[in-house]
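A.B. asks: Below is one structure. I have some questions about it.
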Amino acid sequence: MVSEHQFLRLFAEHKPHLRAFAHSLTLQAGEADDLLQDSCVQMWQKLGQLKVEGDFRAWACSFLRFNAMNRRRKNSRSPVSFSSEFVDQLAAENEAEADLADAERTALQGCLEELTPMQQGLVRQYYAKAEVTIADLSKELQRPAAGLYKILQRVREALRTCIGARLRKEGFSHSITN
């Protein structure tokens with residue numbers, strides 16, 4: 001059984017995904033927030049059903065999906081209404097995309113660690129701030145812009161290859177890196 005503290009930690013960890021999932025099940029942002037809040041209350045009430053080794057995100061998504069279908073049934077007189085089959089398909093696709101995004105993020109972390117310290121530093125400096133240009137970096141590092149551009153191009157390609165290999169090893173056949 002999961003403790004209250006563990007539940008709060010797991011909910012905080014998965015909240016961005018759960019919020020995105022709720023948005024994928026509703027038509028309006030406010031409705032998605034209400035759906036997430038209602039589902040959270042129900043999860044808290046049924047905390048004893050969650051096993052420590054269980055998949056929290058799948059468990060939480062099942063509450064969101066069930067509550068979305070119930071809301072849809074109640075509002076079926078609304079001019080826009082989706083079938084349960086459509087919602088199930090949408091939910092399954094969203095979960096698959098979230099799993100892929102998580103795997104890509106994990107793979108990226110691992111691949112970044114494989115870069116040389118110089119490459120890691122360059123990536124951090126370039127991507128840490130949205131406004132940084134190669135010209136800015138060139139001035140800061142006192143290196144030719146063309147050389148930095150070429151290094152970043154090679155690093156991006158190495159990361160793309162590394163991420164793709166890690167994803168294939170985990171059984172993902174398609175990703176945004178392809």
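A.B. asks: Please identify the pairs in which a residue from the stretch 25-46 that is closer than 23 Å to Ser83 by Cβ has its Cβ atom under 7 Å from the Cβ atom of a residue that is hydrophobic (A, V, I, L, M, F, W, C) and assigned to a loop (DSSP other than H, G, I, E, B), counting only partners at least 6 apart or on another chain.
C.D. replies: If the second residue must be hydrophobic (A, V, I, L, M, F, W, C) and assigned to a loop (DSSP other than H, G, I, E, B), the pairs left are Leu27/Val80.
A.B. asks: Here's something else I'd like to know. Name every residue in the stretch 40-64 that is surrounded by 12 or more Cβ atoms within 10 Å (Cβ to Cβ), among the small types (Gly, Ala, Ser) and over 19 Å from Gln89 (Cβ atoms), in order of residue number.
C.D. replies: Gly54, Ala60
A.B. asks: Going through Leu108, Leu122 one at a time, which residue ends up being in a helix (DSSP H, G or I), within 21 Å of Leu159 (Cβ to Cβ), outside the structural domain of Phe21 (by TED's automatic domain parsing) and within 19 Å of the chain's Cα centre (by Cα)?
C.D. replies: Only one candidate qualifies: Leu108.
A.B. asks: Going by the conditions given, is Arg166 of a type in the set (Lys, Arg), buried (at least 16 other Cβ atoms within 10 Å of the Cβ) and not assigned by TED's automatic domain parsing to the domain that holds Ala60?
C.D. replies: yes
A.B. asks: Only residues that are modelled with pLDDT under 85 and of a type in the set (Phe, Trp, Tyr): list them for the stretch 89-126, please.
C.D. replies: none
A.B. asks: Could you tell me whether the stretch 30-39 includes any residue that is surrounded by fewer than 15 Cβ atoms within 10 Å (Cβ to Cβ), within 24 Å of Glu93 (Cα to Cα) and either in contact with a Cys (Cβ under 6 Å, 6 or more places away or on another chain) or modelled with pLDDT under 85 (or both)?
C.D. replies: Yes, the stretch 30-39 has at least one match.
A.B. asks: Between a residue in the stretch 163-178 that is closer than 14 Å to Gly110 by Cβ and any residue that is modelled with pLDDT under 85 and assigned to a loop (DSSP other than H, G, I, E, B), which pairs come within a Cβ distance under 7 Å, given they are 6 or more apart or on different chains?
C.D. replies: Ile163/Thr177; Gly164/Ser175; Gly164/Thr177; Gly164/Asn178; Leu167/Ser175
A.B. asks: Based on what the data block shows, is Arg19 surrounded by 11 or more Cβ atoms within 10 Å (Cβ to Cβ), at negative phi, in contact (Cβ under 8 Å) with a residue 12 or more places away in the chain and not in a loop (DSSP other than H, G, I, E, B)?
C.D. replies: Yes: the conditions hold for Arg19.
A.B. asks: Could you please let me know if Leu50 is over 28 Å from Ser3 (Cβ atoms), hydrophobic (A, V, I, L, M, F, W, C) and modelled with pLDDT under 85?
C.D. replies: When the stated conditions are applied, Leu50 does not pass them.
The values are calculated or read from the model by the stated rules, or taken from the named source; none is laboratory data. None of the values given here were measured: they were computed from a predicted structure. As a convention, Cβ positions derive from the backbone with ideal geometry for all residues, glycine included, and neighbour counts pool all protein chains shown.
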